[in-house]
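Every number in this text was worked out from the coordinates using simple rules, so none of it is lab data. This one's a predicted model, so the numbers in the text were calculated from it and none came from an experiment. For neighbour counting, all protein chains shown are included, and Cβ atoms are generated from backbone atoms with ideal geometry for every residue, glycine included.
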Amino acid sequence: MERRTFLRNACMACAAPGLGSLAAFLSSCASAPVYRGEMKDGAIRVPALLFATGDIQIIRADGSPDDIALVKGKNAGFEAFILRCTHADNPLSYRGTEFTCSLHGSRFDTGGNVTHGPATLPLRRLQATAEGDAVVVHLNPGEQPSSRPD
């Protein structure tokens, strides 16, 4: 075997485990896809087909100042949460398996429950129902999400 081939193969063998670890780390940092929709009559319709490849979809709707997490649950049910920290009213982001607040570090699981404080209250829940080929997220009457910087 040529020296050059040997060195290349040896370097590849050493780098492979490190690259695998890096890929796993980066996939845990991946965010959910963002669906841009339209709010109409206090509801946002999301194509159910979006859940063919994953269980979480972030909804960014015209007319809704906050992002909304739409989570496909067990038994084909859906849950929706306003992505705003219940501690300091700061927008949340989705990374890996949780929603995080960049302000004070609060974290919430995909069921909207607090997993790390200082927040103590779960995320605000919205009604989500499967209707034909869509999932409809209904904003609670009188409870509009507060603000979202663009």
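The chymotrypsin sites (Phe, Trp or Tyr not before Pro) found in region 39-84 include none that occupy coil by DSSP while having at most 11 further C-beta atoms within 10 Å.
Taking amide H atoms as placed 1.01 Å from N in the peptide plane, the amide H of ASP67 lies under 5 Å from those of LEU83, each 5 or more residues away in sequence or on another chain.
Between SER93 and LYS40, the contour length at 0.36 nm per residue exceeds the alpha carbon distance by 16.6 nm. Taking amide H as placed 1.01 Å from N in the peptide plane, LEU92 has its amide H under 5 Å from the amide H of ARG84, CYS85, each at least 5 places away in sequence or on another chain.
Cα-Cα pairs above 18 Å in region 27-134: how many percent? For region 27-134, the share of Cα pairs beyond 18 Å comes to 46 percent. Counting only other residues whose beta carbon sits under 11 Å from that of GLY112, what net charge do I get with K and R as +1, D and E as -1? Taking every Cβ under 11 Å from that of GLY112, the sum is -1.
Let a ≥ b ≥ c be the square roots of the eigenvalues of the Cα gyration tensor of region 86-127; is it rounded (a/c under 1.5), or, if not, prolate (a/b larger than b/c) or oblate? Rounded, since a/c falls under 1.5.
Judged by the mean number of other Cβ atoms found within 10 Å, the most tightly packed of the peptides 130-136, 86-92 leads the ranking 86-92, 130-136.
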